[in-house]
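Structure, as structure tokens:
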Amino acid sequence: MTRVRVHGIVKRFGEAAAIDGVSLDVRPGELFTLVGPSGCGKTTLLRIVAGLLEQDAGSVLFNDDRMDEVPPYLRNIGVVFQNYAIFPHLTVGENISYGLRARRVAAERIAAKVEEASRLVQLEGLLDRMPAQLSGGQQQRVVLARALVIEPRLLLMDEPLSNLDAKLRVQIRSLIRAVQRTLQITTIYVTHDQEEALAISDTIAVMDRGQILQVGKPWELYLRPGNRFVADFIGTMNILHARVEGPGHGPSDLAVVTEFGERWQVRAGGQPGEAICIGIRPESLQLEPGTNVTDAWNALKGTVSEVAYLGAVVRYQVQVADSLRVVADIHDPDFEAICGVGDRLTLWFAGSRAIALPGAAGRD
């Protein structure tokens with residue numbers, strides 16, 4: 001298995017730094033995802049690892065081998081791009097075997113390896129079809145099989161599911177994860193879809209403006225975001241401004257005053273008089289206060305502005321103040337008592353579920 005390390009990578013296009021001093025360590029056999037908004041530099045970084053772009057500074061290592069001067073075709077990498085790049089005049093089997101034929105692998109070995117790869121991605125029985133006869137999901141499986149059949153030391157995937165509908169995306173991402181685990185192949189995966197990143201990753205790196213803002217396990221980024229950008233990008237987060245008044249009732253509580261005048265007890269860091277941001281996930285908000293007496297329960301009052309029925313969840317958007325609207329996900333709701341637009345309601349959350357974030361409006 002291959003360990004991938006990048007150190008101090010810089011890539012400029014004119015005066016703009018697409019990658020600004022990025023360092024990462026991808027462990028052997030893990031699925032490592034680069035996630036961030038469009039234009040943040042994640043695809044540029046992936047292309048540098050692949051050898052398709054040359055960095056202006058820094059180094060790329062596979063295990064202990066420095067790759068900076070190694071051309072792409074000698075790096076033994078499987079790459080899956082956003083556009084499928086399937087050859088329309090070749091059959092499924094011929095598309096999958098393309099890399100093997102380019103390497104002049106013996107015909108009998110090609111047949112065996114293509115059969116094995118097609119079975120791995122659930123394309124058995126379709127090897128003689130033409131690409132035009134396949135669905136979008138089947139075409140993506142062809143691309144994945146073509147990348148894997150050469151037995152690469154590293155798999156790189158750039159927005160591989162962006163051309164699929166929502167249901168197919170879930171199916172194919174599950175397949176990708178299952179195949180990656182079976183082969184234990186080190187994989188770097190690029191997406192702007194944070195739900196996709198949370199669902200399949202061993203480790204996630206959140207990028208913005210050419211920099212890495214936080215690296216961690218999916219649940220670490222969700223439950224303990226290191227800054228406001230990560231909190232806002234990974235999942236849905238209600239972010240409220242507040243000022244610390246002083247110690248709270250409990251040994252780890254703070255008393256804070258919110259931007260709209262409510263006084264709360266939260267478990268957050270800060271000094272008296274300091275401005276902070278409080279993050280509250282939608283699922284942390286409830287219609288009734290909890291019964292855990294060790295928690296301080298805080299009220300959030302407002303008017304329902306939108307209601308969305310999502311099956312097991314009702315999602316309310318609640319206007320709390322002129323400039324503040326919060327999202328609340330009520331699980332297993334009483335469907336006879338769903339609030340409507342214009343209704344007043346009170347939401348509750350435990351102070352221990354608040355996430356303290358730096359008070360600045362930016363990324364830090």
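The values are calculated or read from the model by the stated rules, or taken from the named source; none is laboratory data. Computed from a predicted model, the values in this text were never measured in an experiment. When we count neighbours, we look across all protein chains shown, and the Cβ atoms used for this are built from the backbone with ideal geometry, even at glycine.
Selection of the range 142-169 for residues being in contact (Cβ under 8 Å) with a residue 24 or more places away in the chain, assigned to a helix (DSSP H, G or I) and more than 16 Å from the chain's Cα centre (by Cα) yields VAL142, VAL143, LEU144, ALA145, ARG146, ALA147, LEU148, LEU168.
Considering every residue within the range 156-165, establish whether at least one is over 23 Å from ALA199 (Cβ atoms) and crowded, with 17+ Cβ neighbours inside 10 Å.
Among the residues of the range 156-165, not one is over 23 Å from ALA199 (Cβ atoms) and crowded, with 17+ Cβ neighbours inside 10 Å, which makes the answer no.
Kindly indicate whether ALA145 is assigned by TED's automatic domain parsing to the domain that holds THR44, crowded, with 20+ Cβ neighbours inside 10 Å, among the small types (Gly, Ala, Ser) and over 21 Å from VAL49 (Cβ atoms). Criteria met by ALA145. Taking every residue in the range 33-48 that is assigned by TED's automatic domain parsing to the domain that holds VAL80 and pairing it with any residue that is among the charged types (D, E, K, R) and in a loop (DSSP other than H, G, I, E, B), at least 6 positions away or on another chain, the pairs with Cβ-Cβ distances below 7 Å are CYS40/ARG209.
Those residues that are of a type outside the set (S, T, N, Q) and closer than 27 Å to ARG101 by Cβ, I need them from the range 160-177; list them, please.
In the first step, residues of the range 160-177 are kept if they are of a type outside the set (S, T, N, Q); the result is 160-161, 164-170, 172-173, 175-177.
Matches in the range 160-177: PRO160, ILE172, LEU175, ILE176.
Among residues of the range 242-253 being assigned to a strand (DSSP E or B) and not small (Gly, Ala, Ser), the one that is surrounded by the most Cβ atoms within 10 Å (Cβ to Cβ) is VAL244.
Tally time: how many residues in the range 108-133 are outside any helix (DSSP H, G or I) and crowded, with 19+ Cβ neighbours inside 10 Å? Write out each step before concluding.
Of all residues in the range 108-133, those outside any helix (DSSP H, G or I) come to 121-130.
Now drop any that are not crowded, with 19+ Cβ neighbours inside 10 Å, which leaves 121, 123, 127.
Count: 3.
Run down ILE200, ILE185, ILE172, ILE176 and say which single residue is within 14 Å of the chain's Cα centre (by Cα) and not small (Gly, Ala, Ser).
Working: ILE185 fails: within 14 Å of the chain's Cα centre (by Cα); ILE172 fails: within 14 Å of the chain's Cα centre (by Cα); ILE176 fails: within 14 Å of the chain's Cα centre (by Cα).
Answer to the selection: ILE200.
Looking at the range 61-73, can you tell me whether even one residue there is more than 30 Å from ALA16 (Cα to Cα), in contact with a helix residue (DSSP H, G or I) (Cβ under 6 Å, 6 or more places away or on another chain) and among the acidic types (Asp, Glu)? The answer is no, given that none of the residues of the range 61-73 is more than 30 Å from ALA16 (Cα to Cα), in contact with a helix residue (DSSP H, G or I) (Cβ under 6 Å, 6 or more places away or on another chain) and among the acidic types (Asp, Glu).
For the range 92-107, taking the residues that are assigned to a loop (DSSP other than H, G, I, E, B) and without any contact (Cβ under 8 Å) to a residue 40 or more places away in the chain, the one that is surrounded by the most Cβ atoms within 10 Å (Cβ to Cβ) is identified as VAL105. Remark: pairs (first residue in the range 1-24, farther than 13 Å from ASP68 by Cα; second residue buried (at least 16 other Cβ atoms within 10 Å of the Cβ) and aromatic (Phe, Trp, Tyr); Cβ separation under 8 Å; 6+ apart in sequence or on different chains) = THR2/PHE62; ARG3/PHE62; LEU24/PHE32. The single condition among (1) at positive phi; (2) loosely packed, with under 14 Cβ neighbours inside 10 Å that GLY21 does not satisfy is (2).
The number of residues in the range 178-205 being over 10 Å from PRO218 (Cβ atoms) and crowded, with 16+ Cβ neighbours inside 10 Å comes to 13.
Could you check the range 24-74 and list, in sequence order, the residues that are surrounded by 19 or more Cβ atoms within 10 Å (Cβ to Cβ) and of a type in the set (Phe, Trp, Tyr)? Those that are surrounded by 19 or more Cβ atoms within 10 Å (Cβ to Cβ) and of a type in the set (Phe, Trp, Tyr): PHE32, PHE62.
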